[in-house]
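Notes for the one structure printed next.
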Amino acid sequence: MEENTDLAVPVPPLRSITMEKYQKVIAFFKELGFQFDISRFDDRLIAQKLVCLLELKGIDLGYSCSLYVRGPYSPDLTQDLYAFPAEFAALVSGSRLTPQEKETAGELGRIFGLKPVSLEVGATYGYYTLRQGSDPLEAVRQVKRLKPFYSEAQVALGVSKAKQFLFTPTEKDLEALKEETGIWQRASLTSREYRGE
Amino acid sequence: MQNDILSILNESEGLNAKVFSLVRFKLLASLAALGQDGATYRELKAALDINDGVLFANLNVLKDMGYLTSGKITSEGKELELYTITPEGQDEWKRTRTWLCRFLRCGV
């Protein structure tokens with residue numbers, strides 16, 4: 001029997017799927033103004049942590065991060081960074097970010113900047129809380145165990161930035177915050193009235 | 001490929017016996033996953049919880065066997081030692097894992 005080729009579903013070559021995957025990352029780097037240089041250790045670190053933070057934020061870049069000796073890390077991303085260094089350096093990408101992705105990139109850049117330590121601590125804290133279900137105290141303990149070479153202040157800053165970027169307060173959180181700070185706000189208003197301001 | 005225990009044991013002759021220690025397994029497994037990127041000494045020490053003496057000695061043994069390379073890098077203004085697995089190291093780790101899996105009958 002002759003095969004009916006009209007019924008064949010065109011499947012894109014694996015190569016083009018991979019290209020799309022890394023091109024999206026380049027689009028994010030471009031939006032963040034990140035001039036990637038494969039020869040720089042800190043740049044490779046920044047690239048890994050940016051991608052892991054975006055994945056933790058719910059953006060599917062196709063580079064799943066797991067825990068390695070370097071914290072949350074994607075070996076697939078490493079492969080592509082080394083396979084396409086010129087494209088990453090020139091920030092050449094056929095991929096475009098959606099308005100929502102642009103907003104997330106802006107938020108990521110505003111909160112973390114391109115600071116390796118904060119990004120590393122933040123991504124590690126986020127991984128423990130979101131992927132491993134650790135409570136905040138346990139997550140901080142794990143960050144300190146895995147990254148004992150960072151100071152208390154560096155850990156605190158990175159954790160604070162991770163909370164700012166990854167966790168959107170719920171109605172309940174906002175209500176609790178209002179209750180907690182309400183007394184101080186009322187005291188402040190009373191004080192201003194007393195001073196006749 | 002035969003599955004009798006004697007054949008499996010005899011296949012081990014193609015492996016490097018010096019790789020067979022827990023610390024070296026930990027180091028090769030960790031660094032194999034990171035490929036060309038490698039990991040710094042301080043990252044390996046913290047994540048694998050190995051003391052300085054043992055870590056340094058085993059890294060040097062793996063380097064002498066040609067399975068790892070090391071070099072200085074700068075991160076946040078600090079000079080650090082970076083360890084990377086070589087293609088020979090990747091091959092040896094792959095061979096060791098494959099053999100271990102057969103020996104332990106993984107998936108059986």
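What follows is calculated from the coordinates using simple rules that are stated; it is not laboratory data. Note that the structure is a prediction, hence the values are computed from the model and not measured. No Cβ is skipped: glycine too gets one built from the backbone with ideal geometry, and neighbour counts run over all protein chains shown.
Dividing the mean sequence gap of close Cα pairs (under 8 Å, 6+ apart) by how many residues region A:12-166 holds gives a relative contact order of 27 percent.
Binning at 10 angstrom from zero up to the longest distance, how are the C-alpha pair distances of the protein assembly as shown distributed in percent? Result, from short to long distances: 5, 21, 26, 21, 14, 7, 3, 1, 0, 0 percent. If the Kirkwood radius is taken over C-alpha pairs of chain B, then at 25 °C and 0.890 mPa s the Stokes-Einstein diffusion coefficient equals 164 µm²/s. D by Stokes-Einstein for region A:12-166, Kirkwood Rh over Cα pairs, 20 °C, 1.002 mPa s: 137 µm²/s. The value of relative contact order for chain B, using C-alpha pairs under 8 Å at least six residues apart, is 32 percent.
Packing, as the average of other Cβ atoms within 10 Å across residues, places the peptides A:28-41, B:92-105, B:10-23 in the order A:28-41, B:92-105, B:10-23, highest first. Going by Cα centres, region B:24-73 and region A:117-176 are how many Å apart? Answer, in whole Å: 27.
Scoring A:96-103, A:177-184, A:71-78 by mean Cβ neighbours within 10 Å over their residues and listing the highest first yields A:71-78, A:96-103, A:177-184. Of the peptides A:189-196, B:66-73, the ranking by mean beta-carbon count within 10 Å, highest at the top, reads B:66-73, A:189-196. Residue by residue, region B:16-30 carries 3J(HN,Hα) couplings of 8, 4, 5, 7, 7, 8, 4, 4, 5, 4, 4, 5, 5, 4, 5 Hz when phi is fed to the Karplus relation 6.51 cos²θ - 1.76 cosθ + 1.60 (θ = phi - 60°); x denotes Gly or Pro. Remark: mean inter-chain Cβ contacts per residue of A:65-77 equal 4, using a 10 Å Cβ-Cβ cutoff to other protein chain atoms. Its alpha carbons give region A:129-180 an Rg and a Dmax of 12.9, 38 Å.
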